[in-house]
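Nothing in this text is a laboratory measurement; each read-out follows from the coordinates by a stated rule. None of these values were measured; they are calculated from a predicted model. Reconstructed Cβ throughout: ideal geometry from the backbone, glycine too, with neighbour counts over all protein chains shown.
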């Protein structure tokens, strides 16, 4: 394995703050939005689907801009990282593996991630690239950032439909992480078991699986 590419939300970062801030913005109890997220997870949907259950006509991009204007936009800090992120990514770099962070998020998310000074060789989001998962062009950008052949590149993510399946179709190797709502709910689904080259419960397991 030459390069390992990591998704962001619920792979590297906890989404607690994300959903709490949206619930407050939409003026619904946090538990209500949390329950709706659970329903969307079971249906195989994505984040925007959960928000539109609260506000069916919502333009999510416009709502994000409104939040930024109101001073209630995105925040991402050290406390939002899972505890194993820095040791896992740093350990992989010490093994000589190229570490890339490439996940769904706005350009602002990309800025915030880069400010965290993670042990990564390249950090980008769908907002930086102007194309969202699961579009095949997203994974074209992933491979450009990986600087390695697809079969020498591992994509790590929690969401089957946005991470594992499209990465596999792009020719990458894949690792599904049992983390976050989508990761836990779909971890043992036969389609995920068939598509994922690896299934892990945490990031530190990767170092022993690289063959280095």
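Between residue 161 and residue 57, what FRET efficiency comes out of the Förster formula 1/(1 + (r/R0)^6) with R0 = 25 Å and r the beta carbon distance, rounded to 0.05?
Numbers: r = 24 Å, r/R0 = 0.96.
The pair residue 57/residue 161 has a calculated efficiency of 0.55.
For the pair residue 66 and residue 151, how long in nm is the line joining their label points, each one 7 Å along Cα→Cβ?
5.0 nm
Looking only at 70, 196, 124, which one moves most when the chain is put into a Gaussian network model with springs between Cα atoms under 10 Å?
Top of the fluctuation ranking is 70.
Across the Cα atoms of segment 51-91, what radius of gyration and what greatest pairwise Cα-Cα distance (Dmax) are found, in Å?
In Å, with Rg to one decimal and Dmax whole: 15.7, 45.
Restricting to bridges with both residues inside the chain, how much of the DSSP beta-bridge set is antiparallel, in percent to the nearest 5?
Details: 1 of 21 bridges.
If we restrict to bridges inside the chain, about 5 percent are antiparallel.
At a 10 Å Cβ-Cβ cut-off, how would you order 204, 109, 140, fewest neighbours first?
Working: 204 16, 109 23, 140 13.
Result, fewest neighbours first: 140, 204, 109.
Top mean-square fluctuation among 110, 157, 130, Gaussian network model of the chain, C-alpha springs under 10 Å?
130
Can you give me the relative contact order of the chain as a percent, contacts being Cα pairs under 8 Å and 6 or more apart?
Computed value for the chain: 25 percent relative contact order.
With a bin width of 10 angstrom, please list the P(r) values of segment 16-69 as percents of all Cα-Cα pairs, from the 0 bin to the one holding the largest distance.
25, 60, 15, 0
Sort segment 79-172 into rounded, prolate or oblate with this rule: let a ≥ b ≥ c be the square roots of the eigenvalues of the Cα gyration tensor; rounded if a/c is under 1.5, and if a/c is not under 1.5, prolate when a/b is larger than b/c, oblate otherwise. Could the numbers behind the result be given before it?
Details: a/c = 1.63, a/b = 1.19, b/c = 1.37.
The shape class here is oblate.
So, R0 is 30 Å and r is the distance between the beta-carbons of residue 39 and residue 2; what FRET efficiency does that work out to, to 0.05?
Values: r = 40 Å, r/R0 = 1.32.
That gives a FRET efficiency of 0.15.
Give me 200, 4 sorted ascending by neighbouring Cβ count inside 10 Å, so fewest comes first.
Ascending Cβ contact count within 10 Å gives the list 200, 4.
Kindly identify the chain as rounded, prolate or oblate by the Cα gyration tensor criterion: order the square roots of the eigenvalues as a ≥ b ≥ c, call it rounded if a/c is under 1.5, otherwise compare a/b with b/c, prolate if a/b is larger, else oblate.
Prolate shape, in that a/c is at least 1.5 and a/b is the bigger ratio.
If I fit a long axis through the Cα atoms of helix 85-94 and take the longest principal axis of the Cα atoms of the chain, what angle between them do I get, 0 to 90°, rounded to 10?
Between helix and principal axis, roughly 20 degrees.
Please report 189, 176, 31 as a ranked list, fewest other C-beta atoms within 10 angstrom at the top and most at the bottom. Working shown, then result.
Working: 189 13, 176 27, 31 9.
Ascending number of Cβ neighbours within 10 Å: 31, 189, 176.
Compute the long axis of helix 60-69 from its Cα atoms, compare it with the longest principal axis of the Cα atoms of the chain, and write down the angle in degrees, 0 to 90, nearest 10.
80 degrees
Shape of segment 1-121 from its Cα gyration tensor (a ≥ b ≥ c, root eigenvalues): rounded if a/c is under 1.5, otherwise prolate when a/b > b/c, or oblate?
Prolate is the answer for segment 1-121, as a/c is 1.5 or above and a/b outweighs b/c.
Ranking request for peptides 74-83, 33-42: highest mean number of other beta-carbon atoms within 10 Å first, then the rest in descending order.
With the highest mean Cβ count within 10 Å placed first, the list reads 33-42, 74-83.
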